[in-house]
Amino acid sequence: MADPQDRKLKDAQMRATINQKLVETGERERLKELLRTRLIECGWRDQLKAHCKEVVKEKGLEHITVDDLVQEITPKGRALVPDDVKKELLQRIRTFLAEQSNI
């Protein structure tokens, strides 16, 4: 049976290798741009912007830092990403990995 620490190390190494390939090939930037576009198209960006305004109004501009705001809105921001956007991005990553036979 494999040691859980070994498994974690191998997983971390694999993630680093995949990320390196994504960066080297420019696919990471393409995926980020796709995500940006899809989030704007579905209204996610506007929803999150409105939520930010609500939080700032509720807490008061002088009583909130950027870090506080990020911590406050992150869970809602993640929850608001539509499933179809997540699935499209995941499929693009899977396709990329399938094309990279040397990983």
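Values for this structure:
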{"quantity": "Helix 66-80 axis, angle to the chain major axis (alpha carbon atoms, nearest 10°)", "calculated": "70 degrees"}
{"quantity": "Helix axis angle, 27-41 relative to the chain longest principal axis, alpha carbon, degrees", "calculated": "30 degrees"}
{"quantity": "Computed [θ] at 222 nm, deg cm²/dmol, the chain (DSSP H ≥ 4; -39,500 (n - 2.57); rounded to nearest 500)", "calculated": "-27500 deg cm²/dmol"}
{"quantity": "Net length gained if the chain between Gln71 and Ala16 were fully extended (0.36 nm per residue, minus Cα distance)", "calculated": "17.2 nm"}
{"quantity": "Tilt relative to the chain, helix 83-99 - C-alpha long axis, 0 to 90 degrees, to 10", "calculated": "30 degrees"}
{"quantity": "The chain - Rg (one decimal) and Dmax (whole number), Cα, Å", "calculated": "18.3, 55"}
{"quantity": "Around Ile40: net Lys/Arg minus Asp/Glu count, Cβ-Cβ under 15 Å", "calculated": "0"}
{"quantity": "Accessible carbon and sulfur surface of the range 1-97 relative to its total accessible area, %, 1.4 Å", "calculated": "54 percent"}
{"quantity": "Rounded accessible area per residue of the chain, 1.4 Å, Å²", "calculated": "80 Å²"}
{"quantity": "Qualifying lysines (Cα of each under 23 Å from Cα of Lys57; at least 8 residues distant if same chain)", "calculated": "Lys49, Lys76"}
{"quantity": "Theoretical FRET efficiency, 1/(1+(r/R0)^6), r = Cβ-Cβ of His51 and Gln100, R0 41 Å, to 0.05", "calculated": "0.65"}
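The values are calculated or read from the model by the stated rules, or taken from the named source; none is laboratory data. Being a predicted model, the structure only gives us computed values, none of them experimental. Neighbour counts are summed over all protein chains in view; Cβ atoms, including those assigned to glycine, are modelled from backbone coordinates with ideal geometry. Surface areas here come from the heavy atoms of the whole protein model, side chains and all, with no ligands, DNA or RNA. Shrake-Rupley method; radii C 1.70, N 1.55, O 1.52, S 1.80 Å.
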